[in-house]
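The values are calculated or read from the model by the stated rules, or taken from the named source; none is laboratory data. As the structure is a computational prediction, the values presented were derived from the model and not from experiment. No Cβ is skipped: glycine too gets one built from the backbone with ideal geometry, and neighbour counts run over all protein chains shown. What goes into the accessible areas is simple: the full protein's heavy atoms, side chains included, and nothing from ligands, DNA or RNA. Shrake-Rupley method; radii C 1.70, N 1.55, O 1.52, S 1.80 Å.
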Amino acid sequence: MSALLSDEQIAAFSRDGFLAIPDFMGAETRSAVRQRAVDLVNAWEPSGENTVFTTEEQERVSNHEFLSSGGKIWCFFEEEAFDERGELRQSKELSINKIGHAQHDLDDVFEEATYTSDLAQIASDIGMADALALQSMYIFKQPGIGGEVNCHQDGTFLYTDPLSVTGFWFAIEDATLENGCLWAAPGGHKAPLRKLFRRLGTDDDGTTFEELDDTPLPDPAKDLFPLEVPAGTMVILNGKLPHWSDVNRSPVSRHAYTLHCISGSADYPDWNWLQRPEDMPLRRLDRSDRR
Ligand code: FE2
């Protein structure tokens, strides 16, 4: 296939570290993905429902759920979603933070929205002809309880040597200043990776941050640029680009789907928090590994 991105778009991506591509995901796909996400949540039985959680117990359970979710479809609830008896304060659909992290390989609707020839071509246009689909998240960004996402670099959480993680962020609904759109630091990917997020052991021993560089991350209040985009837009994010999103102050949700890919030729250390079961190898975005 021939390139989908123009030379100007490729140059802008390497200059800014991000690129917005309007009208990438069609209305039909958006609505199918949104509906499947809502169905997954409605079918979900939160673990520990109706049980009393101590903070410690909750932490241990959260750690296990999180650290084993690389090969699963898991529903993560907002921190404040449960009351002290472990019951939801509001409906499940309004209590969920995100679904992760392998629905692109375990759910047919997400799979179809992810492994497209257009996305594989765009990955190739930006130098990732051997992209592997590592992680997917469906993010709800709830009105009222949808929290801020701290300024971070994706390479901190999904590290490869050499660094290759690239984010593909799809606006399922319009993303605006009011409902917590993405913000990014143009050119910020040219500064070093600040931190690594590492597993302390192979099981549920927890995680830690290791500092690599003490240059402060950009200040969201003054150094970041808002990426207000209409539904259907795909934003590509370099893995070293500092980005952030605010709380959702609007009365409506701000759904987004994200996919993180890595280069097939890069080394993926076993201390990354996200590990896939052995029988679930990563698949190439272009599905040239299909048998
Ligand atoms: Fe991110």
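A Cβ-based charge dipole, computed about the Cα centre of the chain with Lys and Arg at +1 and Asp and Glu at -1, lands at about 520 debye. By the compact-protein rule of thumb, 2.2 N^0.38 Å, the alpha-carbon radius of gyration of the range 182-291 corresponds to a ratio of 1.31. In this structure, Glu79 and Arg249 have a Cβ-Cβ separation that, at R0 = 22 Å, corresponds to a calculated FRET efficiency of about 0.80. For the range 108-263, the dipole from Cβ point charges (+1 on Lys and Arg, -1 on Asp and Glu) about the Cα centre works out to 360 debye, to the nearest 20. Ligands, DNA and RNA are left out, and with a 1.4 angstrom probe the accessible area of the range 7-284 is 46 Å² per residue.
Express the carbon and sulfur contribution to the solvent-accessible surface of the range 7-284 as a percent, rounded to the nearest whole number, probe 1.4 angstrom. The computed percentage sits at 49. Structural descriptor for the range 7-284: relative contact order 29 percent, calculated from alpha carbon pairs under 8 angstrom and at least 6 residues apart. Separation of the alpha carbons by more than 20 angstrom is noted, of Lys72/Lys240; Lys72/Lys98; Lys98/Lys190; Lys98/Lys141; Lys141/Lys195, for Lys72/Lys240; Lys98/Lys190; Lys141/Lys195. Label-to-label distance, Gln35 versus Glu148, with points set 7 angstrom from Cα along the beta-carbon direction: 3.8 nm. Amide H contacts of Thr207: Leu200, each under 5 Å away and 5 or more positions distant or on a separate chain (H built 1.01 Å from N in the peptide plane; Pro and chain starts excluded). Sorting the segments 95-105, 260-270, 229-239 by their residues' average number of neighbouring beta-carbon atoms within 10 angstrom, most packed first, yields 95-105, 229-239, 260-270. Specify which residue in the list Pro251, Ala20, Asn179 is farthest towards the positive end of the charge dipole of the range 7-284, using unit charges on the beta carbon of Lys, Arg (+1) and Asp, Glu (-1), about the Cα centre. Checked the options; the winner is Ala20.
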